[in-house]
Structures are given as structure tokens and as C-alpha cells.
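Input: a single structure, listed below in C-alpha cells.
The values are calculated or read from the model by the stated rules, or taken from the named source; none is laboratory data. What you are looking at is a predicted structure, and each value in this text was computed from that prediction instead of being measured. Positions of Cβ are generated from backbone atoms using ideal geometry, with glycine treated the same way; all protein chains shown enter the neighbour counts.
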Amino acid sequence: MTKFNIAVLISGNGSNLQSLIDEFKSSQLVNLSCVISNKQEAYGLERASIANINSHFIDHKEYNSREAFDEAMIMQLDHYKPDLIVLAGFMRILSDTFVDKYMGRLINIHPSLLPKYKGLDTHKRVIDAQEEYHGATVHYVDNTLDGGPICAQSSIKVTTNNPKELQKDIHKLEHELYPSVIRDISEQKIYLSEGKVIKNK
């Protein structure tokens, strides 16, 4: 059986990447084929190395446009023929060229209950708004900011006024939610059809 090939894009620590490594390192169905970072110091590259996953650093500063950098990523990614590209703390806005090429095969995890709190600083914004609940959302990526079709969400009750503490709580949610959704996508229990998420659970 051909394994379901996943490529992961990161920019930093890679804690969500680690949750995927832990979940799929012994999988007969899912293969973590490569990790790409736009930052050389990203600890996620070390996580990939320890797990014997092919890793690549592509410096966005070496390219004179967003499109040129994305084309370099596309060239690298296409070497692995990914069935799914997973954004795991990848801190770059993707060009339409990139998104259009991988539409339906490109997902992201966002630390809020979308469509609430798109963008950055979600934990502080949730606390400032005195929200009762906060959470994480996995969604397909389209050409809007954090606006693609939603695959799944997970939530917790807000019990702290400290954004860093709340961030830790949300990270725990993410580390459970992301592998679960990716497993469902690999088994075709979740997929995108005509711009809508279909679930066959």
C-alpha cells in the first residue's frame, strides 16, 4: 500500500510538528516525507533530523518576491509529491500561486475558534474580550486570511487572565486536534469538495 505523503512547513519551535512525529512515526498509512522551514534556526528542523525526516531550509530573504520564494518551495515540495501540505507555525503569507496549486491539499491550524479572532495575538484578544471559551481550528487554506473551510475545532473554557498560560492550554488542544484531523484526511474521512468540507465519519 502506498503511504499518504505529508509535507510540513514550519518557521519555529515545531511543537505541532512533534505531535505529528509522535503520532505517525510508526504509521503504516502516513509518511512524514519532509519538513521545510524559512528560518535556519527553527528548532523544528532539529526535531525533523532527530526523527530522520528529510528537512530543508529555504531562506525567503534570498528571493525578491513572495512568488519567487513560493516557487522555490514548490520545486522542493514537488520532489516529494505530497498528498497533503501541513502548515505548522509557518509564519509567511502564501501567494495565490502556491495556494491555488495545492488547493484542497493544504491545511493550517489556527489558535482561535474561527471565524472569531483571525490573525495574530489571539490569546490576549480572547482574554481582553472576556470570552468564556477559546480553542483551535484546523481549516483548509484558501486565498483569504484564516478564512478557508473548517475541518474541525476543539475548545476549552478560559480559566486564566494570562495569555502565556492560555497559549499553553491551546497548544495542548492543538497537539491532539491536528494529528486527529490529518489521520481523518489520510483515510478520506475528511476532504474538500467544491469548496466545502465533507465528513465521512
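For segment 101-113, the criterion of being surrounded by 13 or more Cβ atoms within 10 Å (Cβ to Cβ) and among the aromatic types (Phe, Trp, Tyr) is met by at least one residue. Residues that are in a strand (DSSP E or B), among the aromatic types (Phe, Trp, Tyr) and buried (at least 19 other Cβ atoms within 10 Å of the Cβ) occur in segment 136-145; there is at least one.
Out of all the residues in segment 4-12, is one or more farther than 20 Å from Asp78 by Cα and surrounded by fewer than 21 Cβ atoms within 10 Å (Cβ to Cβ)? Yes, segment 4-12 contains at least one residue that is farther than 20 Å from Asp78 by Cα and surrounded by fewer than 21 Cβ atoms within 10 Å (Cβ to Cβ).
Among the residues of segment 112-126, some residue qualifies, meaning at least one is closer than 19 Å to Ile190 by Cβ, among the aliphatic types (A, V, I, L, M) and touching a residue at least 24 places away in the same chain (Cβ under 8 Å). Of all residues assigned to segment 63-85, at least one qualifies as being surrounded by 12 or more Cβ atoms within 10 Å (Cβ to Cβ), in a strand (DSSP E or B) and hydrophobic (A, V, I, L, M, F, W, C). Phe90 falls short on exactly one of the conditions (1) surrounded by fewer than 16 Cβ atoms within 10 Å (Cβ to Cβ); (2) in a loop (DSSP other than H, G, I, E, B), and that condition is (1). Take Ser33 and decide whether it is under 17 Å from Ser186 (Cβ atoms), small (Gly, Ala, Ser) and surrounded by 18 or more Cβ atoms within 10 Å (Cβ to Cβ). It is true that Ser33 is under 17 Å from Ser186 (Cβ atoms), small (Gly, Ala, Ser) and surrounded by 18 or more Cβ atoms within 10 Å (Cβ to Cβ). Within segment 1-18, the residues that satisfy the criterion of being over 17 Å from Ile85 (Cβ atoms) and modelled with pLDDT of 95 or more are Gly12, Asn13, Ser15, Gln18. Considering (1) in contact (Cβ under 8 Å) with a residue 24 or more places away in the chain; (2) more than 15 Å from Gly148 (Cβ to Cβ), the lone condition that Leu94 does not fulfil carries the number (2). Of the residues making up segment 93-135, those that are part of a loop (DSSP other than H, G, I, E, B) and of a type in the set (Ser, Thr, Tyr) are Ser95, Tyr102, Ser112, Tyr117. Considering only residues in segment 13-30 that are touching a residue at least 12 places away in the same chain (Cβ under 8 Å) and among the small types (Gly, Ala, Ser), the one that is surrounded by the fewest Cβ atoms within 10 Å (Cβ to Cβ) turns out to be Ser27. Restricting the first member to segment 60-71 and to residues that are in the same structural domain as Ser37 (by TED's automatic domain parsing), and the second to residues that are small (Gly, Ala, Ser) and surrounded by 13 or more Cβ atoms within 10 Å (Cβ to Cβ), the beta-carbon pairs closer than 7 Å and six or more apart or on different chains are Tyr63/Ala72; Arg66/Ser95; Glu67/Ser95; Asp70/Ser95.
For segment 170-201, the tally of residues that are closer than 25 Å to Ile156 by Cα and either part of a helix (DSSP H, G or I) or of a type in the set (Phe, Trp, Tyr) (or both) stands at 16. In segment 16-42, the residue that is nearest to the chain's Cα centre (by Cα) out of those that are farther than 17 Å from Ile107 by Cβ and hydroxyl-bearing (Ser, Thr, Tyr) is Ser37.
For Lys101, indicate whether it is free of Cβ contacts under 8 Å to residues at least 60 places away in the same chain and among the basic types (Lys, Arg). It would help to see each step written out before you state the result.
Working: free of Cβ contacts under 8 Å to residues at least 60 places away in the same chain: yes; among the basic types (Lys, Arg): yes.
So Lys101 fits the description; yes.
Here is the figure for segment 48-62: residues that are farther than 18 Å from Pro82 by Cα and either of a type in the set (Asp, Glu) or crowded, with 21+ Cβ neighbours inside 10 Å (or both) total 2.
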